[in-house]
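Submitted below is the structure of interest, expressed as structure tokens.
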Amino acid sequence: MIVNSEIFKAQLGGIQSKMNFHTVEPFIKAAEREFRNIVGKELYDFLNEIDLNNPNPDLDLVNLRELLEISQGCISWAAYDLALPQLKIRVGDLGAAKNIPSQTTAITKWEYVDTREANLTMQDIMWEFFWETLEELKPDVWTASESYKRRNQYFLRSADELTSYIALVGRNRRLFAQLERFIRRGEQLYISDAITSGVFDRLKVRWMDKDAELTPVELMLVEKIREALAYLTLHEAYPYLPIKIDENGVRETRKWDGTSNENPADPKYKNAQRQQLWQDAQLYIGRLKTFMDSYATADQFPEYYLANLSEPDQEDEDFTYKSHVLI
């Protein structure tokens with residue numbers, strides 16, 4: 001395991017030292033499995049085999065130590081949040097009960113909800129640190145894995161990257177997970193058409209290839225794509241994000257004062273902001289096309305050049321069998 005009792009308590013800080021590790025061990029195992037699914041078996045095994053006490057001379061342990069510690073933070077905070085709802089009750093032969101030791105007071109509902117929100121925020125922060133550090137180090141075991149290709153399948157890869165273009169998103173990994181399908185939609189419906197499918201497909205192949213080094217012009221194109229894609233993603237996702245649908249119908253979920261409340265869905269408040277998202281998206285789509293018009297040539301981005309910029313060959317028209325007067 002990447003996380004043991006000492007690491008778990010050291011990462012969380014606020015956990016009492018006398019907590020029995022076996023109480024939270026099942027949740028740590030579940031969190032580690034989720035971590036392994038996200039980063040891939042290859043990288044997980046690599047991190048799990050790092051021995052800081054017996055360093056491998058071929059490894060850069062200074063930077064890998066940081067990556068390993070951040071990985072432990074991702075797992076620990078996820079495990080703690082999984083365990084927290086179970087820690088407040090005790091289940092035995094007499095049923096479920098709540099223990100309240102002397103000199104202690106049970107927390108209120110809003111404090112409990114606020115604590116869980118804080119746990120999730122810490123998870124988001126640790127995951128963004130993890131991806132940033134991983135992109136800096138790029139260990140071979142990571143770049144050669146299928147998980148690397150999966151992470152690079154879109155031009156926007158993390159909540160941190162998305163929020164650098166549109167600040168209202170925040171560094172929220174849970175929100176970004178919901179937005180990924182809309183990033184794909186934005187790329188396919190808008191970006192590919194704007195720069196032609198040929199240019200888009202060629203750039204995406206190079207973007208996903210760990211050995212390909214993008215040219216300065218290609219890097220500028222990726223930047224222009226990201227600017228538009230951020231707003232397109234939110235525009236496409238916007239009608240769905242605050243809405244909850246189940247057997248009880250369609251509702252809108254709101255949170256305030258540490259509690260969650262549900263009201264009937266009202267589309268009115270969404271219209272103005274979604275319209276603004278669309279206007280901003282069109283602004284950046286225009287900037288993207290202007291960039292392509294400036295840089296596309298017969299050799300660079302030829303598909304776009306042939307479709308939008310090159311002039312068709314003019315052939316002399318044959319007037320032999322036409323009733324035209326030649327002057």
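Which entries in the list K41/K138; K41/K224; K9/K29; K29/K109 go over 24 Å, if you measure between the two C-alpha atoms of each?
Violating the 24 Å Cα-Cα cut-off are K41/K224; K29/K109.
At a 10 angstrom cut-off on C-beta neighbours, averaged per residue, how do the peptides 110-121, 207-218, 72-83, 229-240 rank from highest to lowest?
Packing order, densest peptide first, comes out as 72-83, 229-240, 110-121, 207-218.
What is the gain in length, in nm to one decimal, between N308 and T290 on full extension, counting 0.36 nm per residue of separation less the C-alpha to C-alpha distance? Kindly include the intermediate steps, with their values, before the conclusion.
Numbers: separation 18, 0.36 × 18 = 6.48 nm, distance 1.15 nm.
Result for the pair: 5.3 nm of gain on full extension.
Determine the dipole magnitude for the stretch 125-166: charges of +1 sit on the beta-carbon of Lys and Arg, -1 on that of Asp and Glu, nothing else is charged, the reference point is the Cα centre, and the result goes in debye to the nearest 20.
On the way: 5 positive and 8 negative charges, 46 e Å.
Charge dipole of the stretch 125-166: 220 debye, to the nearest 20.
Given the Cα-Cα distance of Y238 and A167 and 0.36 nm per residue of separation, how much length would full extension add, in nm?
24.1 nm
A further question on this structure: Per residue, how much accessible area does the stretch 117-184 show when a 1.4 Å probe rolls over the protein heavy atoms, in square angstrom?
Numbers: 3030 Å² over 68 residues.
I get 45 Å² per residue for this part.
The values are calculated or read from the model by the stated rules, or taken from the named source; none is laboratory data. If you're wondering where the values come from, they're calculated on a predicted model, not measured in any experiment. Note: ideal-geometry Cβ built from the backbone for every residue, glycine included; neighbour counts use all protein chains shown. All accessible areas refer to the heavy atoms of the entire protein, side chains included, with ligands and DNA or RNA removed. Shrake-Rupley method; radii C 1.70, N 1.55, O 1.52, S 1.80 Å.
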